[in-house]
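The values are calculated or read from the model by the stated rules, or taken from the named source; none is laboratory data. Because the structure is a prediction, the values reported are computed rather than measured. Heads up, the Cβs are rebuilt from the backbone with ideal geometry, glycines too, and the neighbour counts pull from every protein chain shown. With ligands, DNA and RNA removed, areas are computed over all heavy atoms of the protein, side chains included. Shrake-Rupley method; radii C 1.70, N 1.55, O 1.52, S 1.80 Å.
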Amino acid sequence: MYLGRVVGTLVATRKEPSLEGLKFLVLKQLDVAGQETGAYRVAADAVGAGFGEVVLYATGSAARQTSRTQDRPCDGVIMAIVDQLEVGGELVYDKAEAG
Amino acid sequence: MYLGRVVGTLVATRKEPSLEGLKFLVLKQLDVAGQETGAYRVAADAVGAGFGEVVLYATGSAARQTSRTQDRPCDGVIMAIVDQLEVGGELVYDKAEAG
Amino acid sequence: MYLGRVVGTLVATRKEPSLEGLKFLVLKQLDVAGQETGAYRVAADAVGAGFGEVVLYATGSAARQTSRTQDRPCDGVIMAIVDQLEVGGELVYDKAEAG
Amino acid sequence: MYLGRVVGTLVATRKEPSLEGLKFLVLKQLDVAGQETGAYRVAADAVGAGFGEVVLYATGSAARQTSRTQDRPCDGVIMAIVDQLEVGGELVYDKAEAG
Amino acid sequence: MYLGRVVGTLVATRKEPSLEGLKFLVLKQLDVAGQETGAYRVAADAVGAGFGEVVLYATGSAARQTSRTQDRPCDGVIMAIVDQLEVGGELVYDKAEAG
């Protein structure tokens, strides 16, 4: 899994029928210091993530292991919202303070 | 998933029999600002995408989760045509204006 | 899928028994302008590709979706020989002229 | 598989229900000389790894081949704790000495 | 598949139970000229490869398509030992001469 920040949304009316009802969010990938890496991913939202939140996302076939994404052509899923990230003994990110 | 723009097509008469009838499109990958990243992908078209359109494509085993690509040796599929892309509160791409 | 050019072969007498009979070709990856990217892949040949030909290859689990590669430890397969590649309205590659 | 060092943890109260009880650790990827590469991965812990330990982690669908991660949206798993790493005839890492 | 050279081994006593008996080797990735690319992979050995040998390895779910690695959390496998590599009409590597 990688860390990401929710930075956007996209609207697509013409799509694979099985994707109906799935919400796609645009994520900027973060490194372990909470900084943007330059990479991004569009992922289905399985947890109700909001704009600006730091999330954990899984890619590949793992992205279909949720009830919302199963058997759908989806290769990225937000599966957790990060509350706290601690790296090297320091609290790098704390949602309570960020919010 | 990643964002891409349809930039080309390819013709292949000698191919795996199971690929018969699949349309392959050449995509240039776009970043969240709608700019080309330099990467590309050849993907099967599951939604009837047209030249110049901005699309969402899935890679890996996800690419076989459509009725057109199931059980075929295909690792990339266009599964949605993007109407609007909003990043950081700004409308980065709007198909109505681009068209 | 990515575009590649067949540049070589390899011989391996000691290998997983299930690979017996599979032909492995060395591919240099091409970009959408038909230029080498610096990346390569060794792929199983499912279509009888020849030296110098431009091909389309799939990677990951897609590579096992052919009768020749099914259930084998193979993560790359040539699934089509490219006749024509058109990008941005221009004919970038034409097998008839290249041959 | 790649080598990594456990450098952190993360807390996520809102997540996919199936992830309940899984422990996620933050790994910095190491190269074969035991140096950090700059890449990282968040992985589920299947072996009880501790802070600072050098581990072996698997990504992709392999990450779901443990009793703890099966059928869960997880694309990275720590599946072994490295005791000794020998490269080019030299002992690059020895847990007994590092500890 | 990619080309690699066996450069090391690792010892791990604490690991996923299903990995018991699998031998993990450290591989430096080679390019089509037989030169190191800087990338590496730790892979399970399915063919009895020895130190310094040039091998072919598969990654992802392909790595579990051998009797030794089936259903195990393993994302890389050595599935062939390369005897000869011919690229661009030249013999880039010949095990008989290298040995």
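When the solvent-accessible area of chain D is split by element, carbon and sulfur atoms take up 44 percent of it, the probe being 1.4 Å. Along the Cα-to-Cβ line of C:Ala96, 7 Å from the Cα, sits a label point; which residues in segment B:1-34 have backbone N less than 19 Å from it? It comes to B:9-15, nothing else. Position A:Glu97: other-copy label points at 3.8, 3.8, 6.1, 6.1 nm, ordered by increasing distance, label point 7 Å along Cα→C-beta.
Taking amide H positions as modeled 1.01 Å from N, with prolines and chain starts lacking one, the residues under 5 Å from C:Ala39 and 5 or more places away or on another chain are C:Gln29.
Rounded to the nearest 10 square angstrom, E:Lys28 shows an accessible area of 60 square angstrom against a 1.4 Å probe.
When the inverse distances between all different Cα atoms of segment C:11-76 are averaged and flipped, the Kirkwood radius reads 12.8 angstrom.
Using a cut-off of 19 Å between Cα atoms, the listed pairs A:Lys23/D:Lys15; D:Lys28/D:Lys95; C:Lys28/D:Lys28; C:Lys28/E:Lys23; B:Lys28/C:Lys95 include C:Lys28/D:Lys28; C:Lys28/E:Lys23; B:Lys28/C:Lys95 as exceeding that distance.
Average accessible surface for segment D:1-92: 37 Å² per residue, computed with a 1.4 Å probe over protein heavy atoms with every protein chain in place. Taking both sides together, the accessible area buried where B meets A is about 2300 Å² for a 1.4 Å probe. Evaluating 6.51 cos²θ - 1.76 cosθ + 1.60 at θ = phi - 60° for every residue in segment A:28-41, the Karplus couplings come out as 9, 6, 10, 8, 6, 9, x, 9, 5, 8, x, 8, 9, 7 Hz, glycine and proline recorded as x. With a 1.4 Å probe rolled over the protein heavy atoms of all chains, the accessible area of C:Thr37, D:Thr13 falls in the order D:Thr13, C:Thr37, largest first. Considering only the other residues whose Cβ falls under 10 Å of the Cβ of E:Gln29, what net charge follows from Lys and Arg at +1 and Asp and Glu at -1? With Lys, Arg at +1 and Asp, Glu at -1, the neighbours total +1. Simple point charges give the picture: +1 on the Cβ of Lys and Arg, -1 on the Cβ of Asp and Glu, and for the protein assembly as shown a dipole about the Cα centre of about 1120 debye. Computed as a quarter of the hull surface, the mean projected area of the alpha carbon convex hull for the protein assembly as shown stands at 22.3 nm².
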